[in-house]
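See below for the structure under consideration.
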Amino acid sequence: MIRKLKLDSLRSEINETVALIEESEKYGDSLGVAQLEIKLKELEDKLSDIIKEDNPFANIAFFFGGKPVFGSKGINARFSASFLYHFQDLFAKVFSIVNEENLGQRGPIPNIDKSNLMVTEVTRGSFGFILEELSDQKQIFNTKSKEILERAIKIIQSTISENETDFEEILNEIDERTLISLRKIFDELYKNDAVVRIVEDEKDFTIDEISIKRGKQRSEQTSIEEEPELLPGIIVGFLPHHKKFELLLESGEQIYGSVINEAIEKYNNLITSGKEVMNNKWNISILTRIIKPLNRPEKKVYNLIDFFEIND
């Protein structure tokens, strides 16, 4: 079970036990009080253990509501299969972005087999599913999939946020294909008159009707184009730990943005070998992401892919 769900269930049981203790005390049932206090101590110890434990693997629960759901008994198979497919697709694309794999405008998603979550359980109460990352290996630190899942959830939350700035900031981190996956998730919920509660580790939020309309509108009215460019210029800023760069172009314009890991490794190797990188002329391979929101000025986001010496 999801850690957050375990905690919520135990806290609810603790509250119920406390209420029973108070009621037993009111009626002078000392034996009942003693038995309930033992139970309360066991529940509190269990709660403390779960608070301390950390599941390093990705896991998430979906609780659906609305037209496709028949109480706690069942859910429309076509809707649930389609929603889970689109969510898995979003997860796979975020996986590729974080691993700095170029998705391209179309074609297969790289390493998609490494980004699969498994349906392991049906949720209780409102009908839904629990998805988990399964592994035979013991893990001390959070897996890559767990980090990716947290990023995917952040993208969804930012898209439905009441604060427009949250959505604008998350656009700096995603590409057009990821935006399309988002669009399909909200469209699936909208056209089926469905809502969904999402629980992941300690996050717990609901995508209701208003949030669905907001997310659908934002994802449909925004486009992202990518243009690879080779720009001659001088590197005037390079922060490997923060993955940031600043470049002075021949035109006098200064641009800044993010750096991929391979370029950082190249920079570190050059510095180690005694090569001066800063304030020298380079041909810089840049991926320019052009973000075009509806009725808003377009914005350019730059990603430094590589840099090469200019041979005069």
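The Rg/Rh ratio of segment 147-201, with Rg taken over Cα atoms and Rh as the Kirkwood radius over Cα pairs, comes to 0.96. In this structure, the amide hydrogen of S223, modeled 1.01 Å from its nitrogen in the peptide plane, lies closer than 5 angstrom to those of K292, counting only residues at least 5 positions away or on a different chain. Counting DSSP beta bridges with both partners in the chain, what percentage is antiparallel, nearest 5? So the antiparallel bridges amount to about 95 percent of the total. Take K266 and F70, extend 7 Å from each Cα along the Cα→Cβ direction, and tell me the distance between the two endpoints in nm. Here the modelled spin labels are 5.9 nm apart.
Between N172 and S126, the simple spin-label model (points 7 angstrom out along Cα→Cβ) gives 3.3 nm.
Shown here are the Rg and Dmax of the Cα trace of the chain, at 25.1, 95 Å.
Going by alpha carbons, how many degrees (0 to 90, nearest 10) lie between the helix axis of 77-98 and the longest principal axis of the chain? Between helix and principal axis, roughly 40 degrees. In this structure, the pairs whose alpha-carbon distance is over 28 Å, taken from K93/K191; K52/K213; K146/K292; K138/K184; K46/K73, are K52/K213; K146/K292; K138/K184; K46/K73. Sort segment 224-309 into rounded, prolate or oblate with this rule: let a ≥ b ≥ c be the square roots of the eigenvalues of the Cα gyration tensor; rounded if a/c is under 1.5, and if a/c is not under 1.5, prolate when a/b is larger than b/c, oblate otherwise. Verdict is prolate for segment 224-309.
Rounded if a/c is under 1.5, else prolate if a/b is larger than b/c, else oblate: which is segment 59-220, with a ≥ b ≥ c the root eigenvalues of its Cα gyration tensor? Cα axes put segment 59-220 in the oblate bin.
Multiply the residue separation of A19 and Y256 by 0.36 nm, subtract the distance between their alpha-carbon atoms, and state the gained length in nm to one decimal. Answer, rounded to one decimal: 79.4 nm. Remark: segment 281-287, residue by residue, has Karplus-estimated 3J(HN,Hα) of 7, 9, 8, 9, 7, 10, 9 Hz, where x stands for each Gly or Pro and the curve is 6.51 cos²θ - 1.76 cosθ + 1.60 at θ = phi - 60°.
Once the Cα atoms are used to define both axes, helix 30-52 deviates from the longest principal axis of the chain by about 10 degrees.
For the pair Y27 and E53, label points projected 7 Å from Cα toward Cβ lie 3.5 nm apart.
Between L7 and K299, what FRET efficiency follows from the Cβ-Cβ distance if R0 is 30 Å, with the result rounded to 0.05? Efficiency, from the Cβ-Cβ distance: 0.15. Computed from the C-beta positions of S223 and K244, the FRET efficiency with R₀ = 22 Å rounds to 0.30.
The long axis of helix 3-26 is offset from the longest Cα principal axis of the chain by roughly 30 degrees. Listed peptides 146-159, 234-247, 16-29 appear in the order 146-159, 234-247, 16-29 once ranked by packing, highest mean of other Cβ atoms within 10 Å at the front. FRET efficiency for the T206 to E44 pair, using the beta carbon distance and R₀ = 25 Å, is estimated at 0.30.
None of the figures in this text is laboratory data; all of them are computed from the coordinates on show. Values in this document were obtained by computation on a predicted structure and should not be read as measured data. In this analysis, Cβ positions are derived from the backbone assuming ideal geometry, glycine residues included, and neighbour counts consider all displayed protein chains.
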